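A short write-up of the structure that comes next.
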Amino acid sequence: MRQADPKPYWNTNVARHPGILRAVPEGCGDALDVGCGDGLLARKLVGQAKRVTGIDKSPEMIACARELAAGYPGLTFVEGDFLTAGLPAAGYDFICSVTTIHHMDFEAALVRMRELLRPGGTLVVVGLAREASMGEWAAMIAAAPVVRITKVLRRARGPEGMPVAVPQMSYGQVRAAARCLLPGVHYRRHVLRRYSLTWEKPAR
């Protein structure tokens, strides 16, 4: 029997979960959540994929994820570095990652995700970036009141112990690098200070 999440929470990362879940391909066999944290998104993926794997470097987060995963069939968690962990090449129909890629080498992480994705599979990355251009700063300033009010109204919070890092790449740099590594990628900047990359790997 599934264990209910004891403390449901919302934040600007969780806000992106519905869009990620809508991108899961029909009949998905294997899904991978990179930087799974406490496993909230991985647990949501159960039922849309036959098998779900979450990976995270933090021992504390993985311990929490495993504890909360009781009763979820086909859900496993791996503690380790995504860039070097022993994951199966072309082993996943769906790969997602939420505000994790700025903790790693961006290009190396995208290449690894591309290699782990099966032909015809879907990749969704939600990330953080820094403002660099006048346009990026203008967008951030314009959205600031909405972000602030939304966080207050939704009582935004997250799990304790979640590692944090300051993004080094700008939105423009992220977009340019992603378009180079993932031809045809769909880039979108979101109001709540996130961007998303959605890409379908060409079928053979």
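What follows draws every value from the coordinates through simple rules; no lab data is involved. Just so it is clear, the model here is predicted, and its values are computed rather than measured. Virtual Cβ from ideal backbone geometry, glycine too; neighbours counted across all protein chains shown.
Per-structure values
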item: Long-range tail of P(r) for the range 1-87 (Cα pairs > 17 Å, %); result: 47 percent
item: Amide hydrogen neighbours beyond the local backbone of residue 75, cut-off 5 Å, H modeled; result: 52
item: Point-to-point label distance, residue 179-residue 193, nm (Cα→Cβ direction, 7 Å offset); result: 2.6 nm
item: Pair residue 130, residue 90: separation of 7 Å Cα→Cβ label points (nm); result: 3.9 nm
item: Top positive-direction residue, dipole computed over the range 31-90 with Cβ charges, set 49, 37, 80; result: 49
item: Rg over Rh [alpha-carbon atoms, Kirkwood Rh] for the range 46-123; result: 0.95
item: Fully extended contour minus Cα-Cα distance, from residue 170 to residue 107, at 0.36 nm per residue; result: 21.3 nm
